[in-house]
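Student: Can you read through this structure? Questions will come right after.
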């Protein structure tokens, strides 16, 4: 599938509403032995059906992986435990993250743009060998907007 501009716009809107990008700190006890890096960055979208995730993955040139996670939850209306499968498209590879963010950038809203720029810039500052290059447009957006949203404590 060769994505069109409208495919990229669809993917950006879908990610804007359903996805997230975040940086995790894994510096706690036992983590450094398990992971190569003390910090990780991840892009993810979770759904109850994999159809739209497969489309998203195709628009992103096959980047990322889709995981099926069996779940069980109590449903009040049914007064019973219900089993279901939750699907998640995700990637933590720096090349994929930069590719996906760049492809979606023109269609992303300001909140997701700031999340992406913040996660990528901060991850690079904290762990410089992980994301060697932060594209100028991301660093500039972060520098211009970093004070717009208060950080969570």
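Student: Between residue 84 and residue 61, what length in nm is gained on full extension when 0.36 nm per residue of separation is reduced by their alpha carbon distance?
Tutor: Answer, rounded to one decimal: 5.4 nm.
Student: Shifting gears a bit: Once you keep just the Cα pairs under 8 angstrom separated by 6 or more residues, what percentage relative contact order results for region 5-107? Intermediate values should be presented prior to the final figure.
Tutor: On the way: 146 pairs, mean separation 31.0, N = 103.
That works out to 30 percent.
Taken together, the values in this text are just the output of simple stated rules run on the coordinates, not laboratory data. Quick caveat, the model's predicted, so the values are computed rather than measured.
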